[in-house]
1. Is it the case that some residue within region 153-176 is over 19 Å from the mean Cα position of the chain (by Cα) and of a type outside the set (Lys, Arg)?
2. Looking at Arg162, Arg166, Arg94, Arg143, which is the one that is in contact with a helix residue (DSSP H, G or I) (Cβ under 9 Å, 6 or more places away or on another chain), more than 23 Å from Glu23 (Cα to Cα) and basic (Lys, Arg)?
3. Out of Val171, Val87, I need the residue that is among the aliphatic types (A, V, I, L, M), in contact with a helix residue (DSSP H, G or I) (Cβ under 7 Å, 6 or more places away or on another chain) and within 30 Å of Arg195 (Cα to Cα). Which one?
4. Looking only at region 130-145, decide whether some residue is in contact (Cβ under 8 Å) with a residue 60 or more places away in the chain and closer than 25 Å to Ala200 by Cα.
5. For Ala152, only one of the following conditions fails: (1) under 20 Å from Val27 (Cα atoms); (2) part of a helix (DSSP H, G or I). What is its number?
6. Could you grab me the full set of residues in region 63-91 that are surrounded by fewer than 13 Cβ atoms within 10 Å (Cβ to Cβ) and not polar (S, T, N, Q)?
7. Exactly one condition in (1) surrounded by fewer than 17 Cβ atoms within 10 Å (Cβ to Cβ); (2) more than 28 Å from Arg36 (Cβ to Cβ) is false for Gln185; which is it?
8. Is region 188-199 home to any residue that is assigned to a helix (DSSP H, G or I) and aromatic (Phe, Trp, Tyr)?
Amino acid sequence: MLKVGLTGGIGAGKSEVSRLLVERGAVLIDADRIAREVVEPGSPGLAAVVAAFGEQVLAPDGSLDRPKLGSIVFADADKLAVLNKIVHPLVGARSQELEAAAGPDSVVIHDVPLLAENGLAPLYDLVIVVDAAPETQLDRLTRLRGMSEEDARARMAAQATREKRREIADVVIDNDVPLERLTEQVDAVWADLVRRAHTASA
């Protein structure tokens, strides 16, 4: 098995790259998706979040009111630490379950937005960074996601710098290119990942 960390700045196109890798046979473990899964209604994770932050973080239907929780934790570093202490171990445990279910020859892609920020590179056999110029990121966030320029710039500024991400990269995929060129890069990277996975399991 080959464990690959996949990361990239907001708007760099990481989701597109992970989609292309899955099409080619990769097993995707998406940290953001699992973080939502572990606090679904009826889960021990949601019960722990409500115990820590009160019923005010629940929506009328009993699900987690993410914007409400976000407004509480992102304004207070201590409260964010409390939330991370609840959610991170649950995400880690679920990720390990999914990884264990993949076959010995698998290429397992861990999609981790804050890989560089949290110093997680040593956890993986290989780190892939999807890279795009800040102007490209800004254009995608405002044009495709409908963010205001101010909001987009704030989100970008809150993440690791482009240089810091590139420092931890074993492979950089340039996503300042048309889709066909991106696909060619992913094809080449995939061939290399499969070769490495077979070598690792041999």
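The values are calculated or read from the model by the stated rules, or taken from the named source; none is laboratory data. The structure presented is a predicted model; accordingly, all values stated were derived computationally and were not measured. Glycine gets a Cβ as well: all are built from the backbone with ideal geometry, and neighbour counts include every protein chain shown. Ligands, DNA and RNA are excluded from the accessible area calculation, which covers all protein heavy atoms including side chains. Shrake-Rupley method; radii C 1.70, N 1.55, O 1.52, S 1.80 Å.
1. Yes, region 153-176 contains at least one residue that is over 19 Å from the mean Cα position of the chain (by Cα) and of a type outside the set (Lys, Arg).
2. Arg162
3. Val171
4. Yes, region 130-145 has at least one match.
5. Among (1) under 20 Å from Val27 (Cα atoms); (2) part of a helix (DSSP H, G or I), the lone unmet condition for Ala152 is (1).
6. Answer for region 63-91, where residues must be surrounded by fewer than 13 Cβ atoms within 10 Å (Cβ to Cβ) and not polar (S, T, N, Q): Arg66, Pro67, Phe74, Ala75, Asp76, Ala77, Asp78, Ala81, Lys85, Pro89.
7. (1)
8. Looking through region 188-199, at least one residue is assigned to a helix (DSSP H, G or I) and aromatic (Phe, Trp, Tyr).
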